Structure formats: structure tokens, C-alpha cells
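Report on the following structure.
The values are calculated or read from the model by the stated rules, or taken from the named source; none is laboratory data. Keep in mind the model is a prediction, meaning the values are calculated, not measured. Here the Cβ is made from the backbone with ideal geometry for all residues, glycine too, and neighbour counts use every protein chain on show.
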Amino acid sequence: MTPEAARQLGIDESTKGVMVQRIEPGSAADRAGIRAHDVITEIDDTPITSVASFSKAVGKLKSGDTAVVVVERKDGSAIITMPID
């Protein structure tokens, strides 16, 4: 997340994370309320600072787990509980 991208999204320029490009309708993320342009900053207490850290955190999740995902959005932060299919 670059400061410019954060500014365009209306979030703090110092925010570190990965931006959600799109959500597959009916997916676990969709059902949990994650939206396109959310910035994921944490998954299960693991800071998300890059695509690599995101991939590593997601790779640890298994079907039946419930992930706690912290996102930043224009209207503030959200803590989302997301059951994994």
C-alpha cells in the first residue's frame, strides 16, 4: 500500500496492508462482509504488510477455521470474523 493509494482510498497514508481488488460473489469474504477496496491490515494477529505476508497468513488457514480479519476502509476500521470454507 503506497501513501498515494491510501490517500485515494481515503485512509491514513501510513496504513500498511493489501487492498482487496474484487470479491467473488458468494465467497467466504463476501459472506463475511469484506468489500472491494478494503485494506487488509491483519489476519489472526499477523500483520499484513505485503502480498507475501498476506499469502503466508492465508496459507495457514484451513477449511473449518475462522479467521479474524482487520480491515481499514474510508469509514473506519472493521474487525471481521470470517469462517473459512
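Restrict the check to segment 32-42 and report whether at least one residue is hydroxyl-bearing (Ser, Thr, Tyr), outside any strand (DSSP E or B) and surrounded by 11 or more Cβ atoms within 10 Å (Cβ to Cβ).
Here is the first cut: in segment 32-42, the ones hydroxyl-bearing (Ser, Thr, Tyr) are 41.
Pick out the ones that are also outside any strand (DSSP E or B) and you get none.
No, segment 32-42 has no match at all.
Okay, residues lined up against (1) closer than 16 Å to residue 74 by Cα; (2) in contact with a strand residue (DSSP E or B) (Cβ under 7 Å, 6 or more places away or on another chain):
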{"position": "9", "(1), (2)": "yes, yes"}
{"position": "15", "(1), (2)": "yes, yes"}
{"position": "21", "(1), (2)": "yes, no"}
{"position": "24", "(1), (2)": "no, no"}
{"position": "33", "(1), (2)": "yes, yes"}
{"position": "37", "(1), (2)": "yes, yes"}
{"position": "40", "(1), (2)": "yes, yes"}
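Restricting attention to segment 46-56, the residues that are part of a helix (DSSP H, G or I), of a type in the set (Gly, Ala, Ser) and within 21 Å of residue 14 (Cα to Cα) add up to 2. Residue count for segment 53-85, restricted to those that are modelled with pLDDT under 95, acidic (Asp, Glu) and closer than 13 Å to residue 35 by Cβ: 1.
Scanning segment 10-22 turns up one or more residues that are among the acidic types (Asp, Glu) and either surrounded by 11 or more Cβ atoms within 10 Å (Cβ to Cβ) or free of Cβ contacts under 8 Å to residues at least 12 places away in the same chain (or both).
Keeping to segment 57-76, report how many residues are in contact with a Ser or Thr (Cβ under 9 Å, 6 or more places away or on another chain) and either surrounded by 14 or more Cβ atoms within 10 Å (Cβ to Cβ) or part of a helix (DSSP H, G or I) (or both). Quick ask: steps written out before the conclusion?
Of segment 57-76, the ones in contact with a Ser or Thr (Cβ under 9 Å, 6 or more places away or on another chain) are 57, 60, 66-72.
Filter once more, keeping what is either surrounded by 14 or more Cβ atoms within 10 Å (Cβ to Cβ) or part of a helix (DSSP H, G or I) (or both): 57, 67, 69-72.
Result for segment 57-76: 6.
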